[in-house]
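Here the structure is laid out as structure tokens; the discussion comes afterwards.
Read the figures in this text as sums done on the coordinates, not as results from a lab. In this text, all values refer to a predicted model and were calculated from it rather than measured experimentally. In this analysis, Cβ positions are derived from the backbone assuming ideal geometry, glycine residues included, and neighbour counts consider all displayed protein chains.
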Amino acid sequence: MTGAPLSRWTMAYFAAALLSLLAAEALMVAGYGYPSDGLRAPATLVVVHLSAVGWLSLLMCGALFQFIPVLVNRPLAWAGLMLPALLFIVTGLVLLVSGFMAMDSLFDTDAPLLPMGGLLLCAGFAMAAASIGQTLARSWPLPIPSAFVAAGLAGLVVTVALGLVFTQVLGGTSAAPMFAEIAARGVPVHAAAGLGGWLAMCAVGVSYRLFPMFLLSPDPQGLGTRLAFLLSGGAVVTAIVGGLAGLLAGWPVPEVMLVAAIPAAGAAVFYGRDVVSFYRTRRRRELELNMKVAALAFVSLALAVVLPGALAILGRSETAVAASIYMAAFGWLSGLGLAKLYKIVPFMTWLECYGPVLGRAPTPRVQDLLREARAGPWFLLYFASVWAGTAAMALGSATGFSIAAAGTFAATAAIAVHLVRARMLADVDGSSRFPVGSLRPALLYSLAPGGR
């Protein structure tokens with residue numbers, strides 16, 4: 001990693017992602033969206049897309065632009081697409097969210113906000129997928145971590161394509177019977193492709209590389225790792241292909257999702273086994289805060305796997321789906337994302353600032369850019385609030401959920417402040433902050449030589 005070029009615009013992706021997360025959490029605090037509103041209500045769609053597109057997808061794209069070259073040991077293809085992709089995605093998200101708010105009667109407009117937002121999002125993610133996909137295509141055959149990412153890109157393509165259909169139907173620019181049927185019954189497939197195919201597969205693939213690197217553990221290998229990939233891939237294929245077939249044939253799509261959940265649960269077991277192995281076989285005995293926090297994210301994943309069955313037994317199928325998705329999205333994916341940001345941001349900043357003078361002048365350590373004792377309680381508050389919010393959602397308490405969301409908002413804002421301080425080297429001792437020849441990092445982009 002030390003010799004790898006820095007992605008020029010990854011920090012901008014991270015900044016836009018964090019702002020989207022804070023906006024989604026603020027709306028949840030205000031009682032906007034589920035559980036105060038229905039699962040398909042426009043208010044819920046605003047929160048969902050701020051979280052899934054604005055936060056998780058931008059976070060994933062930014063991380064992949066930096067780490068895909070590390071995974072395959074090749075430079076990023078078509079790196080010039082990074083900035084236009086970001087601009088298209090952010091603009092498309094603003095239009096999409098505005099369109100949902102107009103549907104919620106928050107303001108009146110005749111502008112085709114949803115169709116325009118869908119087109120811009122489709123263009124932006126197409127650019128990102130083209131750059132990452134071409135990098136992977138040049139590196140065939142792919143190791144397991146990269147194979148997870150490749151499968152995730154396929155999930156992204158399906159997610160965006162279905163989303164485009166939804167925006168055209170809801171925006172009134174298409175009345176084709178097939179598109180109308182997809183819009184009416186295809187939400188489970190859209191959600192499965194996005195959360196399970198795109199986000200989960202990529203998160204697993206990246207973690208299979210980052211965890212051994214940060215823990216100094218052996219790389220993943222063996223039958224269990226291959227089974228994790230095959231089972232998760234089988235679950236995604238079942239959900240997407242089976243779901244689309246169900247739409248066309250008139251089958252009940254939710255039942256297809258239940259079938260897909262079986263291999264998904266098995267994949268989670270093998271993936272969890274590998275994660276435990278990374279911790280047990282690590283050569284870095286003293287765990288840094290980001291790896292301690294990551295363990296809480298995997299506890300959240302385990303809870304998300306068992307939660308639907310427990311709630312379904314009580315006859316709360318809708319609540320089971322909503323609570324499980326919330327736990328997976330905010331407990332596992334978001335919690336893991338925030339934990340890794342707490343390592344990646346200072347690590348990239350350290351490489352950018354002090355890489356040019358390594359071996360020629362005394363430099364701080366990566367850990368000197370952080371104040372873990374101050375940040376630790378905020379991570380604990382974040383996970384405690386997510387778990388409390390999940391419990392409130394399972395119990396149907398909108399007020400309890402809003403109170404818990406206030407905790408996630410406060411924790412996320414505090415963690416974001418710590419990330420900005422790390423980026424600006426605010427916690428580095430003044431006497432060693434800028435040795436001769438070092439670079440002063442910018443907040444939103446990399447100035448390092450060789451940056452893409």
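List pairs: first residue in the range 331-358 and in contact (Cβ under 8 Å) with a residue 24 or more places away in the chain, second residue basic (Lys, Arg) and crowded, with 22+ Cβ neighbours inside 10 Å anywhere in the structure, Cβ distance under 7 angstrom, at least six positions apart or on different chains.
Once the first residue is in contact (Cβ under 8 Å) with a residue 24 or more places away in the chain and sits in the range 331-358, its partners that are basic (Lys, Arg) and crowded, with 22+ Cβ neighbours inside 10 Å give Val345/Arg423; Thr349/Arg423.
How many of the residues making up the range 189-231 are among the small types (Gly, Ala, Ser), surrounded by 18 or more Cβ atoms within 10 Å (Cβ to Cβ) and closer than 19 Å to Ser277 by Cα?
Residues that pass the stated criteria total 5.
Mind counting the residues in the range 150-164 that are farther than 18 Å from Ser131 by Cα and crowded, with 21+ Cβ neighbours inside 10 Å?
2
Tally up the residues in the range 44-71 that are in contact (Cβ under 8 Å) with a residue 60 or more places away in the chain, surrounded by 20 or more Cβ atoms within 10 Å (Cβ to Cβ) and of a type in the set (A, V, I, L, M), please.
Adding up the residues that qualify gives 9.
Within the set of pairs 6+ apart or on separate chains, which have a first residue in the range 425-447 that is under 16 Å from Ala12 (Cα atoms), a second that is assigned to a loop (DSSP other than H, G, I, E, B), and C-beta atoms under 6 Å apart?
Tyr445/Arg8; Tyr445/Trp9; Ser446/Leu6; Ser446/Arg8; Leu447/Leu439
Please pick out the residue among Arg226, Arg209 that is closer than 20 Å to Arg282 by Cα and part of a helix (DSSP H, G or I).
None of the others qualify; the one that does is Arg209.
From Met257, Met291, Met327, which residue is assigned to a helix (DSSP H, G or I), touching a residue at least 60 places away in the same chain (Cβ under 8 Å) and under 30 Å from Arg365 (Cβ atoms)?
Met291 is the lone residue from the list that is assigned to a helix (DSSP H, G or I), touching a residue at least 60 places away in the same chain (Cβ under 8 Å) and under 30 Å from Arg365 (Cβ atoms).
What are the residues in the range 212-223 that are in a helix (DSSP H, G or I) and more than 23 Å from the chain's Cα centre (by Cα), if any?
Of everything in the range 212-223, just one residue is in a helix (DSSP H, G or I) and more than 23 Å from the chain's Cα centre (by Cα), namely Leu223.
If only one of Leu341, Leu336, Leu358, Leu381 is hydrophobic (A, V, I, L, M, F, W, C) and farther than 27 Å from Val275 by Cα, which one is it?
Leu358
Are any of the residues in the range 15-27 over 28 Å from Ser324 (Cβ atoms) and without any contact (Cβ under 8 Å) to a residue 60 or more places away in the chain?
Scanning the range 15-27 turns up no residue that is over 28 Å from Ser324 (Cβ atoms) and without any contact (Cβ under 8 Å) to a residue 60 or more places away in the chain.
On the given criteria, is Val321 crowded, with 19+ Cβ neighbours inside 10 Å, over 22 Å from Leu19 (Cβ atoms) and β-branched (Val, Ile, Thr)?
The answer is yes for Val321.
What number of residues within the range 333-373 satisfy the criterion of being assigned to a loop (DSSP other than H, G, I, E, B), loosely packed, with under 15 Cβ neighbours inside 10 Å and of a type outside the set (Lys, Arg)?
4
Would you be able to say whether some residue in the range 163-174 is within 22 Å of the chain's Cα centre (by Cα) and closer than 27 Å to Val305 by Cα?
Checking the range 163-174: at least one residue is within 22 Å of the chain's Cα centre (by Cα) and closer than 27 Å to Val305 by Cα.
Out of (1) surrounded by 17 or more Cβ atoms within 10 Å (Cβ to Cβ); (2) among the hydrophobic types (A, V, I, L, M, F, W, C); (3) under 30 Å from Ala137 (Cβ atoms); (4) in contact (Cβ under 8 Å) with a residue 40 or more places away in the chain, what's the single condition that is false for Phe88?
Single failed check for Phe88: (4).
Could you please find all residues in the range 359-389 being small (Gly, Ala, Ser), closer than 26 Å to Ser7 by Cβ and without any contact (Cβ under 8 Å) to a residue 60 or more places away in the chain?
Gly359
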